[in-house]
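Q: Let me begin by handing over the structure; questions about it come next.
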Amino acid sequence: MSLSDIVTWLVGLEWSRLVPEILGKGLGFLLGFAVSWYFIFRKRIKDLQKFQHGDSDDVLFQVHYLLDVNAGQFQLVFRNVTTKLTVKNLYDNPAARDLAKSLTDGTTLNDPILPTHGTLGFELVNDAANYVCGSLATTPHPKSVWLMCMTCEDRAVVRRRCIRCFLIRPGDLEKFTDWKWASTYVRLEKPWHWFRIVALHRIARMWLSENVRFSRIERDDTMPLVDDHAEHRRIVKLSLGLSETELAVAEPYAVDWSQHAAALSTWQVELENSELASRL
């Protein structure tokens, strides 16, 4: 094709229709690209801010042990069990994921358990319990009774704010009902783990309250209906095969509670004593 043929072809084009069409499609492409880039960039900025602030969608299952040290003292150690999950991995229903995330905003160090009220809240706890039971179903460890609750501790005292499902023996949790005992006889692996003693104390007091409230209901021999789960235990019993021979990785650390008294008062944490200390 010669140059004159190319010129003739260009002259013969309907420029009055071609130019607006090219400009329209070009501007549409650029606008779509700019909008897509904006939302992707914005999402990455939000994810980065969330990461920097310590917020996470992780769901961790943590088992707690009281290791006998000496002279009635115990060292509290806690370890992750099962693989790390996200809320999306644990709940296949988008509504359940949104509910679980929203409930983490309703917890404090004074009440670290997720406020799972209603039937939907029961389903959140039940799915978490089913997951950990299934994950540990084939472990070689003998089964025993453990308590589980879903928590989200205050970002003011934890490095990473996420859902933590606590697992602890009933006998060990009972000890934490007495703050005098917990603050006197419990040692830690790390100094910054002091908030876990407080959280377990508050959970233990809630457990006592639940036992009183649900004891009559659970003696009823009628089959519970779906709507009956609107009121449910937030601390549930499970049969799990977990290691009974955990070891500490640091020397027992005694907390100086006077250093945290002002913070606990500011956060309005209720620290309650009972007659338990005199019986242990």
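The values are calculated or read from the model by the stated rules, or taken from the named source; none is laboratory data. Everything quoted here is computed from the prediction, not taken from an experiment. As a convention, Cβ positions derive from the backbone with ideal geometry for all residues, glycine included, and neighbour counts pool all protein chains shown.
Q: Anything in the stretch 218-262 that is at pLDDT 70 or above, among the hydrophobic types (A, V, I, L, M, F, W, C) and not in a strand (DSSP E or B)? List them, or say none.
A: Leu242, Leu247, Ala248, Val249, Ala250, Ala254, Val255, Trp257, Ala261, Ala262
Q: So in the stretch 154-182, with the set limited to residues that are in contact with a Ser or Thr (Cβ under 8 Å, 6 or more places away or on another chain) and more than 30 Å from Ala71 (Cβ to Cβ), which one is modelled with the highest pLDDT?
A: For the stretch 154-182, the residue satisfying everything is Cys165.
Q: Which of the residues spanning the stretch 114-128 are in contact with a strand residue (DSSP E or B) (Cβ under 9 Å, 6 or more places away or on another chain) and under 15 Å from Leu90 (Cα atoms)?
A: Leu124, Val125, Asn126, Ala128 - these are the residues of the stretch 114-128 that are in contact with a strand residue (DSSP E or B) (Cβ under 9 Å, 6 or more places away or on another chain) and under 15 Å from Leu90 (Cα atoms).
Q: Could you say which residue among Asp178, Asp105, Asp172 is closer than 19 Å to Arg234 by Cβ, acidic (Asp, Glu) and surrounded by 14 or more Cβ atoms within 10 Å (Cβ to Cβ)?
A: Asp172
Q: Which residues, counting only those in the stretch 195-217, are surrounded by 10 or more Cβ atoms within 10 Å (Cβ to Cβ), at pLDDT below 90 and among the aliphatic types (A, V, I, L, M)?
A: Once the filter is applied, which keeps residues that are surrounded by 10 or more Cβ atoms within 10 Å (Cβ to Cβ), at pLDDT below 90 and among the aliphatic types (A, V, I, L, M), the stretch 195-217 yields only Ile217.
Q: Let me ask something else about it. Please verify whether the stretch 126-140 includes one or more residues that are buried (at least 21 other Cβ atoms within 10 Å of the Cβ) and in contact with a Gly (Cβ under 8 Å, 6 or more places away or on another chain).
A: The answer is yes; a qualifying residue exists.
Q: Restricting the stretch 59-102 to residues that are among the polar types (S, T, N, Q) and in a helix (DSSP H, G or I), which is surrounded by the fewest Cβ atoms within 10 Å (Cβ to Cβ)?
A: Ser102
Q: Look at the stretch 263-280 and say how many of its residues are farther than 14 Å from Leu109 by Cβ and either at pLDDT 90 or above or part of a loop (DSSP other than H, G, I, E, B) (or both).
A: The total comes to 5.
Here's the yes/no breakdown for (1) modelled with pLDDT of 90 or more; (2) out of contact with any Asp or Glu (no Cβ under 7 Å at 6 or more places or on another chain); (3) within 14 Å of Cys162 (Cβ to Cβ):
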| site | (1), (2), (3) |
| --- | --- |
| Tyr65 | yes, no, no |
| Asp68 | yes, yes, no |
| Val77 | yes, no, no |
| Arg97 | yes, yes, yes |
| Asp105 | no, yes, yes |
| Asn126 | yes, yes, no |
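Q: Against the conditions (1) in contact (Cβ under 8 Å) with a residue 24 or more places away in the chain; (2) outside any helix (DSSP H, G or I), where does Thr138 fall short? Just the number, please.
A: Checking Thr138 against (1) in contact (Cβ under 8 Å) with a residue 24 or more places away in the chain; (2) outside any helix (DSSP H, G or I), the one that fails is (1).
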